[in-house]
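> Okay, here's the structure, questions in a sec.
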Amino acid sequence: MKKYTILFFCCVFSSTMIAQQIDSGQSTVSFSLSNMGFRTVEGQFSGLDGDISFDPESLENSRFDVCIDASTVNTDNAKRDEHLRNEDFFEVTTYPTICYVSTSIKKTANGFISDGILSMHGQSKEASIPFTVENGVFAGTLSINRLDYNVGLDFKKFMVGYDVNVDIRCVTQ
């Protein structure tokens with residue numbers, strides 16, 4: 001009898017978890033960082049893809065496992081974008097994706113926070129992403145130090161800022 005109760009609970013629970021399908025065409029990961037100490041370079045990646053299972057009533061069972069194609073970097077400057085794709089920065093032929101996998105999600109006063117692992121350029125580091133969700137749109141922000149991920153190691157802070165501000169807009173269907 002106990003075995004059937006557990007099986008029933010698992011079936012009921014799994015049917016309440018809400019899996020969201022990412023709309024890759026509308027989802028973006030934007031970034032900004034200082035350039036030459038007085039300008040700001042802005043850009044974005046497209047093609048966000050992966051798995052999202054999010055239920056605000058069951059955060060312990062919610063999960064993000066998403067990636068973007070690093071070769072989609074776009075700063076509206078073709079020459080700079082090509083440079084960002086080569087071995088000086090993202091080295092997209094060797095490291096084609098930038099991925100995030102959550103390890104926990106918690107409710108906050110302003111929304112939620114996801115703790116997890118951000119993997120980029122062969123490096124994986126813990127990262128926390130505060131986010132909100134409204135009408136199927138997840139919006140989050142974080143700041144990372146590009147040197148933590150070995151991105152652009154030969155470029156000093158004056159040329160390319162170390163801190164990168166990241167805005168995530170994930171539209172689900």
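Throughout, read-outs are computed from the coordinates displayed, never taken from laboratory work. Nothing here was measured: the structure is a model prediction, and the numbers come from that model. Cβ: placed from backbone, ideal geometry, glycine included. Neighbour counts: every protein chain shown.
> Determine the calculated [θ] at 222 nm for the chain from helices alone, applying -39500 (n - 2.57) to every DSSP H run no shorter than 4 residues and normalising by the residue count; nearest 500 deg cm²/dmol.
-4000 deg cm²/dmol
> Rounded to two decimals, what ratio of Rg to Rh does the chain give with C-alpha atoms and a Kirkwood Rh?
Rounded to two decimals, Rg/Rh equals 1.05.
> Here's a follow-up. With r defined as the distance between the Cβ atoms of Lys107 and Gln173 and R0 fixed at 30 Å, what FRET efficiency is calculated, to the nearest 0.05?
0.80
> Which value, in debye to the nearest 20, describes the size of the charge dipole of the chain about its Cα centre when Lys and Arg Cβ atoms bear +1, Asp and Glu Cβ atoms bear -1, and nothing else is charged?
Roughly 360 debye for the chain.
> Shifting gears a bit: Using alpha carbon coordinates only, what is the Rg to Rh ratio of the range 49-143, with Rh defined as the Kirkwood radius?
1.04
> First obtain the Kirkwood hydrodynamic radius of the range 102-173 from its Cα pairs, then insert it into the Stokes-Einstein equation at 20 °C and 1.002 mPa s, and state the resulting D in µm² per second as a whole number.
158 µm²/s
> Would you calculate the separation in nanometres between label points at Gln21 and Arg80, each defined as 7 Å from the Cα along the Cα-to-beta-carbon direction?
3.6 nm
> State the answer as a single residue: which of Ile168, Ser62, Phe90 lies farthest towards the positive end of the charge dipole of the chain, with beta carbon charges of +1 for Lys and Arg and -1 for Asp and Glu, about the Cα centre.
Highest projection toward the positive end goes to Ser62.
> Let me ask something else about it. With angles folded into 0 to 90 degrees, how steeply does helix 2-16 sit against the dominant principal axis of the chain? Use alpha carbons for both and round to 10.
The two axes meet at around 50 degrees.
> Placing +1 on the Cβ of each Lys and Arg and -1 on the Cβ of each Asp and Glu in the range 18-171, which of His121, Gly111, Asn150 has its Cα farthest towards the positive end of the resulting dipole?
So the residue furthest toward the plus end is Asn150.
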